[in-house]
Amino acid sequence: MTDPQDQAELRLRAADPAGPARALPPPRVERAELLEGIMSTTTEAPAPTPPPKSSRPRWLLAAAAVIAIAAAGTAVALTVDSGSSNHPVATKTVRTLQLPNAGRPGTTSCIRFMIDILREKPVAFDGTATDVTDSDVLLTVNHWYKGGSADEVRLENYHTPDIALEGGVDFRVGHRYLVTATDGTVNVCGYTAEWSPELAKSFQQAFGG
Amino acid sequence: VVAVTDARQQLFEQIAAEVADSIRRYALRRTDPDTADDVLADTLLVVWRRLDDVPAGARLPWCYGVAARSLANLNRAARRQRSLVQRIVRIDPPTDTVDAAELPDPDVHRALATLRPDDRELLRLWAWEDLTPAEIAVALDLTPNAVRIRLHRARGRFAEALGSEMRDDRPDTTE
């Protein structure tokens with residue numbers, strides 16, 4: 001084999017950084033778990049966007065968001081702005097959101113945090129925890145980025161000991177949080193977390209203020 | 001409905017078993033392990049959602065096309081995040097994220113890096129993913145004929161680039 005082009009191509013093939021002969025790094029999520037998570041998502045496209053012709057599949061990101069939600073073990077429940085009807089003197093509106101169920105088997109993996117996924121969350125706000133019990137967290141809203149106007153938000157289904165869930169949040173009275181929700185359920189996996197300048201910047205970038 | 005669901009799941013699992021390792025290797029050749037896992041998850045999710053669109057005779061090349069778009073999205077998002085969060089004002093050419101010196105046969109990787117992205121991708125799909133021109137055509141949404149012509153030229157350019165890398169190595173080996 002003397003032809004320089006053949007030589008070059010032999011070397012090219014041999015220089016494959018992930019060829020069949022090379023050991024690969026262990027995956028973050030076991031294969032069976034990944035497939036299960038995917039098959040538990042709906043096969044309906046979540047956004048009304050038509051399938052892409054070629055270049056920029058926005059729905060792919062939406063789809064990735066669905067994975068994140070599904071993988072986090074989301075329970076779906078929705079209660080909207082309860083409070084005003086039963087309390088004639090109430091001046092504060094309270095909205096209720098559910099925290100996801102922790103510890104559902106095979107569903108505790110997160111995909112990477114991305115602004116594009118954050119942007120597609122329908123509900124987003126900045127709030128300070130004013131009351132934390134065994135089952136609920138009450139947040140006073142400092143700022144609504146998107147999808148709401150209530151003065152306070154109650155997060156139900158809070159289990160303090162279960163925050164081992166990857167990407168889960170530990171709520172404490174007096175601490176400030178950035179929260180997103182989809183279908184009435186709080187998103188974890190980094191899409192809800194204690195306030196930080198970096199995350200606030202991401203929220204601003206995603207929701208424009 | 002249950003039978004349909006079972007059939008869907010079965011088909012999906014079959015395709016996943018067929019393509020998942022190759023997609024992961026494809027992604028690992030082009031990005032870091034963490035992003036590679038995201039690419040695999042994105043790609044399989046698209047397979048699940050568009051099960052009927054996956055061409056029976058060209059499943060893997062079709063999936064490479066999906067993986068390429070996922071990777072482009074992830075890289076774009078990562079670049080945006082970097083530039084906005086850290087306010088780094090610099091031109092960051094989207095070349096390989098891996099350091100050539102750490103890879104097998106660094107000259108080959110340096111030579112690849114000097115090529116145009118289109119040529120580089122053709123060569124990788126051909127040499128590393130081991131696709132035929134017809135399969136590359138599915139992955140890149142080109143005609144097989146166009147692939148053949150471009151691949152022929154890319155191979156020539158690569159051989160030249162590798163030759164020049166080796167000449168650069170020779171005169172001064174102390175560095």
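The values are calculated or read from the model by the stated rules, or taken from the named source; none is laboratory data. Everything numeric in this text was worked out from a predicted model, so none of it was measured. No Cβ is skipped: glycine too gets one built from the backbone with ideal geometry, and neighbour counts run over all protein chains shown.
The criterion of being among the basic types (Lys, Arg) and either surrounded by 13 or more Cβ atoms within 10 Å (Cβ to Cβ) or modelled with pLDDT of 90 or more (or both) does not hold for residue B:167. Within segment B:26-43, residues that are in contact (Cβ under 8 Å) with a residue 24 or more places away in the chain and facing chain A (nearest Cβ under 8 Å) have Cβ atoms under 7 Å from residues that are of a type in the set (Val, Ile, Thr) and part of a loop (DSSP other than H, G, I, E, B) in these pairs: B:38/A:111, counting only partners at least 6 apart in sequence or on another chain. Taken as a whole, the structure places residue B:7 among residues that are farther than 18 Å from residue A:37 by Cβ, more than 9 Å from chain A (Cβ to nearest Cβ) and over 21 Å from the mean Cα position of the chain (by Cα).
Residue B:59 meets the stated requirement of being charged (D, E, K, R), farther than 30 Å from residue B:166 by Cβ, in a helix (DSSP H, G or I) and modelled with pLDDT of 95 or more. As a summary of the residue check, residue A:102 satisfies the conditions (1) at pLDDT below 85; (2) among the aliphatic types (A, V, I, L, M); (3) in a helix (DSSP H, G or I) except for the one numbered (3). Within segment A:183-204, the set of residues being touching a residue at least 40 places away in the same chain (Cβ under 8 Å) and either closer than 15 Å to residue A:114 by Cβ or in a loop (DSSP other than H, G, I, E, B) (or both) comprises A:183, A:184, A:187, A:188, A:189, A:190, A:191, A:195, A:202, A:203.
Scanning segment B:35-56 for residues that are of a type in the set (Lys, Arg) and part of a helix (DSSP H, G or I) yields one hit, B:49. Among the residues examined, residue B:3 does not qualify as surrounded by 20 or more Cβ atoms within 10 Å (Cβ to Cβ) and not polar (S, T, N, Q). Cβ-Cβ under 7 Å, sequence separation 6+ or interchain: first residue in segment B:106-127 and surrounded by fewer than 19 Cβ atoms within 10 Å (Cβ to Cβ), partner polar (S, T, N, Q) and not in a helix (DSSP H, G or I). Which pairs? Going by the 7 Å Cβ cut-off, the qualifying pairs are B:113/B:95.
Here residue B:129 meets the list (1) assigned to a helix (DSSP H, G or I); (2) modelled with pLDDT of 95 or more almost entirely, failing just condition (1).
Considering only residues in segment B:10-25 that are at the interface with chain A (Cβ under 7 Å from one of its Cβ atoms) and over 16 Å from residue A:19 (Cα atoms), the one that is surrounded by the most Cβ atoms within 10 Å (Cβ to Cβ) turns out to be B:16. The requirement of being in a strand (DSSP E or B), modelled with pLDDT of 80 or more and either more than 24 Å from residue A:205 (Cβ to Cβ) or charged (D, E, K, R) (or both) is satisfied by residue A:130. Scan segment B:70-87 for residues that are at pLDDT 90 or above and surrounded by fewer than 20 Cβ atoms within 10 Å (Cβ to Cβ) and the total you get is 0.
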